[in-house]
Amino acid sequence: MRSLLIILLIPVIRVYSQDQVRDTVTQLEEVILYDPIQRNTSLGITPSSIIREKAFQNHSPVDLQSSINQISGVYVLSGALNTNRITIRGVGARTPFGTDKLRLYFNGIPVTNGTGSSTMEAFDLENLASVEVIKGPKGTAYSSSLGGAILLNTKSSERRETRLQTSFTLGSYNLQKNNTLFSLSDEHWVLDLNYNRLRTDGYRENNSFERDGLLLNAGYKFNNDSQISLLVNYIDYTAQIPSSLGATAFAEDPTQAAFTWAQAQGFEANRYTLVGLSYSNKLTDKLKYEHSIFYTYLDHYEPRPFNILDEFTNGYGFRSVFRGNMGKLSRMNYTFGAELYKDEYNWGTYENLYRDNNGEGSLQGEQLSDNKEYRRQFNAFATLHIPFSKAFTAQLGLNINKTVYDFRDLFNIGASSRSARRNFDIIALPSLDVQYNVGKGNSLYANISRGFSNPSLEETLTPDGVINPDIRQETGMNYELGTKIYSSNGKFWMTASLFRMNIKNLLVAERVGDDQFIGRNAGRTRHQGLELDMNLLLNLSNSLDFIPFLSYSLSDHSFVEFLDAGEDFSGNPLTGVPKHRANFGLRIKNNEGFYWNNTFQYVDEIPLRDDNSLTSDSFTVYNTRMGIQKKLGSSFRVNLNAGVNNVFNVRYAQSVLINAASFGGNEPRYFYPGNDRNFYANISLNYTL
């Protein structure tokens, strides 16, 4: 670690010795990420990573996962368009399915449910202007989760104009996608209305995906100090589920679905609605605030081989943030606020009689369970930003969390009822950031912060279905040192960080049935590593630019203390995380509108079992996309492009399951195959009135 730190600081010393420095931070070509001039004021000096629209152009308009994977320290394992698991610095890698241990926000509104689960597939990549990632628990204003937070921000009209924009994509596996935007804005009103439709048969058997979505962003500006906005996001999608494969099936034919899932024709159908109303106002020159209230509804139906899940969730809450300063004398500023998310989760299971349905797939039988859960997460937060000098700044932060679960068994009565309540203690999560500017645009920073993650309500149950009062929240301390470097001519930037996070009360999901997991605290883990992102702009001529970029993650994560079923796995690498991961790319463009984007993704082997007896194979995937964008007249723009994913037709696992169990003597199913070589073409038309 010491040698890495020395290497990290050498470029900073060199930059500090330069005679010329910039007056402002120059924004480079938006290929991977950059440090924006307009920072997220809720974060203060806390560092984050941002990718924007031009970074999305490196991949297909369907592929949000690969776009996010361009950020160091963040890895999205994708089994299908509807099966994603996001890990940040190794946190969340042990989650069997889905994403937890981080918070997801959509235009500033929390969309992570009451037990900490987040769903990326509810959002369309073409609706997004940026994705901002806070790695680790240092985001005091965004819940201080161990994994961090992801902020999705939609496109918004900034000029007074009326425009119509539409995009069509066709591709392999019968891919058909359309995204249409109508935008209207004037001195007071802003209206953005998006409709999107996606249809694909998928690479594998039982792998079709169909989604319709509607997004409304509307706002009214009363004056320069106050405005109100309305957000409505509606998604309706049906996705077949091919599930994971064992090693033999993966090697023989990765296009096949898992046998029982194919027989049951397993799928999930979702209708998701988010409605948010926000109001911001500047009370005085020293204080302004923003309040948001929101409502979410999810209707989910999922036939699986072992049963059929039928559920719906009503959620609601608020988020309020105040920002102010203490005047010219102290130059200190502050942020404080609160966030509440409550939901009511209703779910039941039924027999799946697909074996008796003459090959027609799933058939609902008798009810097996009927449950209701009330879940509440409350966060209060505050930060104080103290500029000791022009070069040296500190920021103190504190987040306080309170979590309550209330489980009602509506199926069993009397002594067999599993109804229970779990009320976690209030947990305090402090944070300290310091930043030292080494010339304008270059800085060193350090962070110490405490984070947490809750078990899901299901993980708090014993195998008998009774609340286990001994299950505790995971907690961890994060230590981070980093640097941001910008060249004096604005053509090179680099961000790098070293981190260590020690997590105790590690939550382990132990599989006791086809779809039954119980949780327990099983030990401690150490997450440490190096993250590097860099971007270089090379002007080969007055009309031709080469822009190479790189993100690299070294993840040296391990079990410090881990006893499971009498076996000691202490010292083993953390399951589910590649040690090395890199994304290298080259963007070529000229002033005639031509561009050619090339990306290589390398993923190291991944430990699949806690005893380190099995790993996945490492792989490198090359994707390329070429296009031209032109302005035809004063009102019309066109963008024509086409791409190839997995150019060299590599067979690889795009997602894995860890510690996969074997049922009925069948081979454990560890692997979700990635797509083979596939093609797509896209046309985007933009007309301004």
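A few remarks follow.
- Kirkwood Rh, angstrom, region 410-460 [1 / mean 1/r, Cα pairs]: 15.9 Å
- Distance from region 101-180 to region 377-439 (C-alpha centre basis), Å: 22 Å
- Computed 3J(HN,Hα) for region 611-619, one whole-Hz value per residue from the Karplus formula 6.51 cos²θ - 1.76 cosθ + 1.60 where θ = phi - 60°, is 7, 6, 8, 8, 9, 7, 7, 5, 7, glycine and proline marked x.
- Expressed as a fraction of 2.2 N^0.38 Å, the value expected for a compact globular protein of N residues, the C-alpha radius of gyration of region 643-689 is 1.99.
- For region 368-462: rounded, prolate or oblate by the Cα gyration tensor [a/c cutoff 1.5]: prolate
- Ser243 accessible area, 1.4 Å probe, all protein chains in place, Å² to nearest 10: 10 Å²
- Ranked from largest, the principal axis spans of the Cα set of region 244-355 equal 74, 34, 15 Å.
- Taking label points 7 Å from Cα along the Cα-to-Cβ direction, Lys440 and Asn412 give a separation of 6.9 nm.
- Between Arg609 and Asn539, the simple spin-label model (points 7 angstrom out along Cα→Cβ) gives 5.9 nm.
- Binned Cα-Cα distances of region 283-411, short to long, each 10 Å bin given as a whole percent: 11, 25, 20, 16, 13, 9, 5, 1
- Taking Tyr237, Tyr220 and ordering them by how much accessible surface each has at a 1.4 Å probe, largest first, produces Tyr220, Tyr237.
- Length-normalised contact order for the chain - Cα pairs under 8 Å, 6+ apart - percent: 12 percent
- Accessible-area rank, largest first, for Tyr350, Tyr279, Tyr436, Tyr670: Tyr436, Tyr279, Tyr350, Tyr670, with all protein chains present and a 1.4 angstrom probe.
- Anisotropy class of region 60-190 from Cα gyration tensor, a/c 1.5 cut: oblate
- Shape of region 130-200, Cα gyration tensor, a/c cut at 1.5: oblate
- Measuring with a 1.4 angstrom probe and ignoring ligands and nucleic acids, Leu586 comes out at about 40 Å² accessible.
- Sequence of Thr180, Thr383 when ordered by accessible area, the most exposed leading, probe 1.4 angstrom: Thr180, Thr383
- Projecting the Cα atoms of Phe168, Val656, Ser185 onto the dipole axis of the chain, where Lys and Arg carry +1 and Asp and Glu carry -1 at the beta carbon, places Ser185 farthest toward the positive end.
- Dipole moment magnitude, nearest 20 debye, the chain about Cα centre, only Lys, Arg, Asp, Glu C-beta charged: 2880 debye
- Using every pair of distinct Cα positions in region 183-223, the Kirkwood expression returns a hydrodynamic radius of 12.8 angstrom.
- Simple label model, 7 Å out from Cα along Cβ direction - Ser156 to Lys402, nm: 3.1 nm
- Neighbourhood charge, 9 Å Cβ-Cβ cut-off, centred on Glu344 and excluding it, Lys, Arg +1 and Asp, Glu -1: +1
- Cα-only Debye scattering, region 555-689: base-10 log of I(q)/I(0) at q = 0.10, 0.18, 0.20 Å⁻¹: -0.54, -1.02, -1.14
- Members of Lys342/Lys484; Lys54/Lys288; Lys135/Lys342; Lys221/Lys491; Lys54/Lys135 lying beyond 28 Å, as alpha-carbon distances in this model show: Lys342/Lys484; Lys54/Lys288; Lys221/Lys491
- Stokes-Einstein D in µm²/s, Kirkwood radius over Cα pairs - region 358-409 at 25 °C with 0.890 mPa s viscosity: 147 µm²/s
- Over the chain, accessible surface divided per residue gives 42 Å², non-protein components excluded, 1.4 Å probe.
- Helices in the chain, meaning DSSP H runs of at least 4 residues, each add -39500 (n - 2.57). Divided by all residues, the mean residue ellipticity at 222 nm is -1500 deg cm²/dmol.
- According to the Kirkwood relation over distinct C-alpha pairs, the hydrodynamic radius of the chain is 26.4 Å.
- Taking a quarter of the surface of the Cα convex hull of region 552-621 gives a mean projected area of 5.8 nm².
- Accessible surface of Ile683 - all protein chains present, 1.4 Å probe, nearest 10 Å²: 60 Å²
The values are calculated or read from the model by the stated rules, or taken from the named source; none is laboratory data. Nothing here was measured: the structure is a model prediction, and the numbers come from that model. Because the Cβ atoms are built from the backbone with ideal geometry, glycine has one as well, and the counts that use them run over all protein chains shown. Note: areas computed on protein heavy atoms with side chains; ligands, DNA, RNA excluded. Shrake-Rupley method; radii C 1.70, N 1.55, O 1.52, S 1.80 Å.
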